[in-house]
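Here the structure comes first, spelled out in structure tokens, and everything after it is commentary.
Values in this text are rule-based calculations from the coordinates and carry no lab data. Values in this document were obtained by computation on a predicted structure and should not be read as measured data. Using ideal geometry, Cβ is built from the backbone for each residue, glycine included, and neighbour counts are taken over all protein chains shown.
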Ligand code: AGP
């Protein structure tokens, strides 16, 4: 997810573009750039934040330009890979948000036709395609170029000898801001609100032709009308998409994040090199290292991979692993890290490489340190995660682990087909959890009155209990702890009582009966119990104080729907307690020190 902007009017474009880009940095901030039409095209771009670029860039006087702030997907953040991208002659500049899935094929074809490419990005093919089809009309050249392109895009195209900007979208947002003798284009409303609250939302397949005084929208070669809307949000509200906090926005992004992450893998041919060897030889194991929420994903991954691949998996907390005296060599090591910059995890990766392990990184950030240490990187497609509390990245990490396990699974083909079908239904199941948000708010109001809370689970939902406690503690400052339900009687029972509510995560699997017993034991010691159960489970409802119901899914996928429900519980409990949800005290989004 990147942010793109365009300006055409009678004011100096440079400062307006930089100001608009700054308001889109929540969409991506690893590099940025602008292109201004004047005598030819002036491009200034680098792997820096918008503020820094603004300070270092020379002055350009043109009144038409485009800009971009990046969240790298293809090609690590660098000056060359930053947008805008030009054609061979430097006459066409393009900024792009999205992923061109057939870019390699297009690049090979254009290279054979004499086009030279300088970046590693998918985007650069667009400016070269427009150059190929340009016969005097920019919008027609863009139309032809888009016929060749597969994937998602929002683009803005600049050509100095054309007194217009051309914009187009498919599966990526793009809006036009209407001014007085000036017009704006942007990925999202926050960029424009300072200048206008009159906008046109482009639809998939629309091409906008924007000049200082006019806005035309074309579709399938003919002009159409698009309604003007008045925006009622403040800039801050708009950056959060109308949500009060980034955490809630990111929780609600999860159905799309799951689709994007799964979409990424359908394009990949091979998952984790080396796993097949372990599966077939039966020699070796998988070692997962991570910290915090990513460690909880790793622990869930242990259950997933052991069940579907029947090979031994160790999940280790990286900061502890770094002081283990012994590391097994014949191991495929998987390091999970959203930011790709967590010091303890990077140290573990280096150590594992030193002893000859094959190291695979699962990360959300292209070009991060983890991708440079790893032998192979698998990206999750969660997009920028602004809230310190990891939510959508955790779910996307689970999707990566399901995909890895199912790619090499030994279980019968029919089961894999069924699991694949269920995996693709997960976005809509998660949407059902989100649609039930109001019911969770009631539980949050109740929970917000306590200072100690326990979460319990068994099997694949034990790590879910750990993650739920982590999230509640992180954002609401309630001291929450997660336990394997079977462990409660070995110590935590001593803290049970009316002041310590317990949230029991109950799956309809082999652990069901044991969870029933644990709940009865806990109730007998005076703790209120809220059970998170599958819809239609009336047995538990009788036993507990209240229930949170989630859609019925295959147990192996239950961590996804259960976690989303518990993320909402943590969020609304923190909101009840008026906590600074997106930036909890004493924490950082990426912990780059040991
Ligand atoms: C989770 O909400 C926290 N922000 C924190 O525990 C985090 O998961 C941990 O610091 C690991 O970060 P990483 O995934 O970027 O390596």
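Value of Rg to Rh for the chain, rounded to two decimals, is 1.01; Kirkwood radius and Rg both from alpha-carbon coordinates.
For the chain, the longest principal axis of the C-alpha atoms and the axis of helix 462-476 are separated by about 60°. Looking at the chain, send over the antiparallel percent of its DSSP beta bridges, to the nearest 5. So the antiparallel bridges amount to about 60 percent of the total. Per-residue Cβ neighbour counts within 10 Å put 100, 41 in the sequence 41, 100, beginning with the fewest. Each of 438, 509 was scored by other Cβ atoms within 10 Å of its Cβ. Listed from fewest to most, they are 438, 509. Rounded, prolate or oblate: which fits the range 413-503 when a ≥ b ≥ c are the square roots of the eigenvalues of the alpha-carbon gyration tensor, with rounded for a/c under 1.5 and prolate only if a/b beats b/c? Oblate. Of the residues 506, 199, the one with the fewest other Cβ atoms within 10 Å heads the list, and the complete ranking is 199, 506. For the range 1-90, the Kirkwood radius over C-alpha pairs fed into Stokes-Einstein at 37 °C and 0.692 mPa s yields D = 258 µm² per second. Helix 512-524 axis versus longest C-alpha principal axis of the chain: approximately 70°, rounded to the nearest ten.
Here the sum of -39500 (n - 2.57) over DSSP H runs of 4 or more residues, divided by the residues of the chain, equals -11500 deg cm²/dmol at 222 nm, to the nearest 500.
Using only the alpha-carbon atoms, how far is helix 124-133 inclined from the longest principal axis of the chain? Give it as 0 to 90 degrees, nearest 10. That works out to roughly 30 degrees.
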